[in-house]
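The values are calculated or read from the model by the stated rules, or taken from the named source; none is laboratory data. This is a predicted model, so every value here is computed, not measured. All Cβ positions, even for glycine, are placed from backbone atoms using ideal geometry, and neighbour counts span all protein chains on display. Note: accessible area is taken over every heavy atom of the protein model, side chains too, but ligands, DNA and RNA are not part of it. Shrake-Rupley method; radii C 1.70, N 1.55, O 1.52, S 1.80 Å.
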Amino acid sequence: MKRKLAAILMTSMLLSVFSMGAFAEGDTKSPTASFDEKVTLNDAGEIMPIRRIVLNLEDEDGPYTITRVRLRDMAFALKDTEAKFNVDFDTKEKTIIITTGATYEQIDFDKRKIDLTNANIKPSSHKVLVDGKEVNLGAFNVDGETYCSISSLKKALGKKFYVRNIYETGDTLISFEKNDVEEFNKEAFDAKVKEKKITLVFAGAPWCPWTIFNLEGLIPFQEYIDNNGIDAQIIAMVHDHQDYYKADLLRNYQKKSPNPEKELTDYPFYTVGMTKEAWDHISEIAETELKYLPSIFFMNDEGKLVKYIQGGDLGDEEEEEEEPVPYDYIEIYKEIMKELEKAK
């Protein structure tokens, strides 16, 4: 993957968190769909009757796939939980009306077998109201039915449940149990930064390929710190942390460590889950609104920015066609220290 392509991919995935939209204007190929073979489970391990489809799309950057869930199946599956909601449709206004806290009653239409062969698939043009407020569910209309983004639905319902991919099977878990990742706290973060002369803050997301790619240098930098008594530290900030547990994050670190066969049982460095407060705080530190992940900061013990690396940065124009390499945090640290020495 070239740097330019990686940057574009990273940007599109980050934007998809906030707006799950339709495919680009000017597309000529109609999307196709197939059922997702994985299942969705609840905390008790019971299968939830949620049909999921994989949409095969294509835009100017090439083919890609997304997964969507049948909206009415979600309503039925959650009917006995605190996230329950009812679904109605206003034919005159062409509006999907979702009412939270109301129990959905399954109808015979929901139970029928669905055949996606030659299905008519298009981005949904229906307005969606949740308790009277318009929301974007990244929805597609498949033969007249609404299939939406499960993460967008979760957000629209007030984040009353968590969605986790089960590592061993690839299945999805809809859970009501809060995960074990510590959430960001501004006061604690600022105090932590002041503990060391230099702090590397790595803000990324477990679903982001560019984030995962650049985890590779983190553990070597931590080992460099430990082996040389360096007055520095690493803080890892995890975007969308609600959908991940410590074990999920540790697997990503382990795969990108110098010894991937050695199982990690604890974080190699201080790790916190990002909240809106965290996003705003590090944007203020960078003096720019963050648009890419990972976003990488080197800060001094006064909480001031020393160096900022915007994830997916292409660097010099002549390097655009080179294969990407992970950031070398040890070398970046050494360059920072040289600059600080010169500035004395």
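When the range 102-131 is limited to residues that are within 27 Å of the chain's Cα centre (by Cα) and of a type in the set (Gly, Ala, Ser), the one that is nearest to Leu153 (Cα to Cα) turns out to be Ser124.
Residues in the range 222-244 that are open to solvent by 40 Å² or more (accessible area, probe 1.4 Å), on the phi < 0 side of the Ramachandran plot and not in a helix (DSSP H, G or I): Asp231, Tyr244. Checking the range 279-286 against the condition returns no match, with no residue being at pLDDT below 90, in contact with a Leu (Cβ under 8 Å, 6 or more places away or on another chain), crowded, with 16+ Cβ neighbours inside 10 Å and of a type in the set (Phe, Trp, Tyr). Of all residues in the range 70-97, those that are assigned to a loop (DSSP other than H, G, I, E, B), open to solvent by 30 Å² or more (accessible area, probe 1.4 Å) and over 18 Å from Val39 (Cβ atoms) total 8. Taken residue by residue, the range 106-125 has no member that is of a type in the set (Gly, Ala, Ser) and at positive phi.
Report whether or not Leu137 is touching a Cys at 6+ places or on another chain (Cβ under 6 Å) and either among the polar types (S, T, N, Q) or at pLDDT 90 or above (or both). Yes; evaluated as a whole, the condition is true for this residue. Considered as a group, the residues in the range 98-133 that are open to solvent by 40 Å² or more (accessible area, probe 1.4 Å) and acidic (Asp, Glu) include one that is nearest to Ser149 (Cα to Cα), and that residue is Asp131.
A quick yes/no check of all residues on (1) open to solvent by 10 Å² or more (accessible area, probe 1.4 Å); (2) outside any loop (DSSP other than H, G, I, E, B):
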position: Leu173; (1), (2): yes, yes
position: Glu177; (1), (2): yes, no
position: Ala188; (1), (2): yes, yes
position: Lys192; (1), (2): yes, yes
position: Thr199; (1), (2): no, yes
position: Trp210; (1), (2): yes, yes
position: Leu215; (1), (2): yes, no
position: Pro220; (1), (2): yes, yes
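When only residues in the range 146-169 that are assigned to a loop (DSSP other than H, G, I, E, B) and buried (at least 19 other Cβ atoms within 10 Å of the Cβ) count, which is modelled with the lowest pLDDT?
Phe161
Any chance the range 181-193 includes a residue that's out of contact with any Pro (no Cβ under 7 Å at 6 or more places or on another chain) and farther than 26 Å from Tyr267 by Cβ? No, the conditions are met nowhere in the range 181-193.
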